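Asks: Okay, here's the structure, questions in a sec.
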């Protein structure tokens, strides 16, 4: 397993992987597959190069492709690292909110579940947040997603509320659980100025 920040060169694989996540788990994301699939690749490149606001990480594993859609594509990626998980960190830019950031776009492909990728991705975000002076890290998770909630709780996040009717998909309403992680004061105070 390799965890690293993504850059513009990763945009095609990132876009494909993100679309897979949106298609397979529409209730887990505010963005929709239908809207995101209409956006050009340049939007993904822009997102991956504007790291002052949002930084994205991916977990890569050796083996057959997880984002490939045909047997030919899968064969072409065999033995090469493939994207198996992703997560992002969005920093607040307004003066009153610069002390906090949001963990976003967390997804691990099911075939790579229970291998520690989710925790490694969360840890990468927490480490970046601490290193850049973030004092409060927040996230939302679809209420009822026990696996994700448990992952965040093991990483130290605590629930502070439930948002009713947070997203609607085909007329069905989903609640979002809001969670936070108060960063250690010494680490964030030393880096935040």
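No value in this document is a laboratory result; all are computed from the given coordinates. As the structure is a computational prediction, the values presented were derived from the model and not from experiment. Neighbour counts run over all protein chains shown; Cβ positions are idealised from the backbone, glycine included.
Asks: Label-point separation (nm) for residue 147 and residue 38, each offset 7 Å from Cα along Cα-to-Cβ?
Replies: 3.1 nm
Asks: Expected output is a single nm value to one decimal: the length gained when fully extending between residue 52 and residue 111, i.e. 0.36 nm times separation in residues minus the C-alpha distance. What is it? List each step's numbers first, then the result.
Replies: Working: separation 59, 0.36 × 59 = 21.24 nm, distance 3.19 nm.
18.1 nm is the gain from fully extending residue 52 to residue 111.
Asks: Right, another one. Taking 0.36 nm per residue of sequence separation and subtracting the Cα-Cα distance, how much length would be gained by fully extending the chain between residue 4 and residue 25, in nm to one decimal? Numbers along the way, then the final one.
Replies: Working: separation 21, 0.36 × 21 = 7.56 nm, distance 2.35 nm.
Extra length from residue 4 to residue 25 when fully extended: 5.2 nm.
Asks: Hey, another quick one. Counting helices only, and only those DSSP H runs with n ≥ 4, report the 222 nm mean residue ellipticity of the chain as the sum of -39,500 (n - 2.57) divided by its residues, in deg cm²/dmol to the nearest 500. Present the calculation step by step, with values, prior to reporting the outcome.
Replies: Numbers: 7 runs with 66 residues, N = 193.
Helices in the chain give a 222 nm mean residue ellipticity of -10000 deg cm²/dmol.
Asks: Run the numbers for residue 119 and residue 98: contour at 0.36 nm per residue of separation, minus the present Cα-Cα distance, in nm.
Replies: Working: separation 21, 0.36 × 21 = 7.56 nm, distance 2.50 nm.
Length difference between fully extended and current span is 5.1 nm.
Asks: May I pose another question? List the residues of the stretch 163-181 whose backbone N lies under 14 Å from a point placed 7 Å from the Cα of residue 136 along the Cα-to-Cβ direction.
Replies: 178-181
Asks: Just one of [x] 1.03; [y] 1.42; [z] 0.96 is Rg/Rh (Cα atoms, Kirkwood Rh) calculated from these coordinates, so which is it?
Replies: [z]
Asks: Separate question: Calculate how many DSSP beta bridges within the chain are antiparallel, expressed in % of all such bridges and rounded to the nearest 5.
Replies: On the way: 34 of 37 bridges.
Around 90 percent antiparallel, to the nearest 5.
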